[in-house]
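Only one structure is covered here, and it is reproduced in the block below.
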Amino acid sequence: MRDGEWSLTYPGVSLTWGPADLPVVNMVAPDLGDVETRADDADRPREDGRAFGSDFRGGRSITFELGVFGADEADARSTLADLARAWRGDAVRRSPGAVAELAMRHAGRERVVFGRPRRFASSEAEISEGVALVGCDFAAVDDVFYGPAEDSRTIGLAPPLGGGLTGALAAPLTTTGTSDRSAVLDIGGELDAWPVLTIQGPVTNPVVEVLGLWRLELRTTLAYDRSVTVDPRPWSRSVLLNGGGSLAGALSRTSPRLAAMGLPPGSHEVAYRGTDETGTSSVRFAWRESYPSP
């Protein structure tokens, strides 16, 4: 992307606008919107003041005032139709939880927000001269700006070293390996990042622990060709098998709520444990850096 460019992307749509050399131009700087705070305050009974509870931040709405410029009326109408079609969001609005990506770049910094295109109002007062004006909004799922690309780290589950047999032994003989592997994640950004975990079988009762923060355990067995994705991002919050089906019920009672799995910036030691006879199981961490402003 170039500085000043914005783009809307979702399946089947990729639209870019902003600078004056593009057919769709930002007429004024986009309004990043206010973020509502939902306060859980209460009046103190029979005394002055208030008691603070938990505060929750809503999602922001980003407002655009766009100009559509064409070589003539037909050209302007064609560009306006493409813009209107993209802003309908048909591929995401019919699916609960589905989101589009709104990307931007300023001073060399690329950021992304997730949400859906919403309000769209156009004026054709000057369409005969190849000009149309559009006012439109993008509703973000939260108030966070994310990095443009994912960071990731994969941790394998190697079997423990050992050797020899000790008696007394009884037939038939079987072996299993309970393994433990740790690594360090370096989380950049300025706010907590959401780690998406993909656990690849074969493994029984996999455990993923971020030392000092949380310990997630799935009480299940994954075959060699199965995986489960634990996605704590605000627009997903799911535990899904590849090919469909929820495994949320397999989370142990001591596992964290998905909404509590954010990782603050810095270095974190993570451990992956489980029972695997082959030593080929792994967990993949994927996350985006998070920022309070673009």
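Here are the numbers for this structure:
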| item | result |
| --- | --- |
| Residue count, the range 1-29 (criterion: over 24 Å from the mean Cα position of the chain (by Cα) and among the acidic types (Asp, Glu)) | 1 |
| Residues of the range 1-21 satisfying the condition of being exposed (fewer than 14 other Cβ atoms within 10 Å of the Cβ) and part of a strand (DSSP E or B) | Ser14 |
| Every residue from the range 78-97 that is surrounded by fewer than 16 Cβ atoms within 10 Å (Cβ to Cβ) and either over 13 Å from Val24 (Cα atoms) or not assigned by TED's automatic domain parsing to the domain that holds Ser128 (or both) | Arg85, Arg88, Asp90, Ala91, Arg93, Arg94, Ser95, Pro96, Gly97 |
| Single residue of the range 18-62 satisfying the filter (in contact with a Lys or Arg (Cβ under 8 Å, 6 or more places away or on another chain) and among the β-branched types (Val, Ile, Thr)) that is nearest to Val141 (Cα to Cα) | Val35 |
| Selection from the range 30-61 of residues that are part of a loop (DSSP other than H, G, I, E, B) and under 26 Å from the mean Cα position of the chain (by Cα) | Pro30, Leu32, Gly33, Asp34, Val35, Glu36, Ser54, Gly58, Gly59, Arg60 |
| Test: residue in the range 205-223 that is crowded, with 16+ Cβ neighbours inside 10 Å, of a type in the set (Phe, Trp, Tyr) and either more than 25 Å from Val112 (Cβ to Cβ) or in contact with a strand residue (DSSP E or B) (Cβ under 7 Å, 6 or more places away or on another chain) (or both) | yes |
| Subset tally (residues that are in a strand (DSSP E or B) and surrounded by fewer than 16 Cβ atoms within 10 Å (Cβ to Cβ)) for the range 246-292 | 4 |
| In the range 62-77, residue farthest from the chain's Cα centre (by Cα) [restricted to those that are part of a helix (DSSP H, G or I) and surrounded by 13 or more Cβ atoms within 10 Å (Cβ to Cβ)] | Glu73 |
| Some residue of the range 51-59 being closer than 22 Å to Pro11 by Cα and surrounded by 11 or more Cβ atoms within 10 Å (Cβ to Cβ) | no |
| Failed item, numbered, when Gly243 is tested on (1) in a loop (DSSP other than H, G, I, E, B); (2) touching a residue at least 24 places away in the same chain (Cβ under 8 Å) | (2) |
| Filter result for Arg153 (within 30 Å of Ala286 (Cβ to Cβ), touching a residue at least 24 places away in the same chain (Cβ under 8 Å), among the basic types (Lys, Arg) and touching a Phe, Trp or Tyr at 6+ places or on another chain (Cβ under 6 Å)) | yes |
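The values are calculated or read from the model by the stated rules, or taken from the named source; none is laboratory data. Nothing here was measured: the structure is a model prediction, and the numbers come from that model. So basically every Cβ, Gly included, is an ideal-geometry build from the backbone, and we count neighbours across all protein chains shown.
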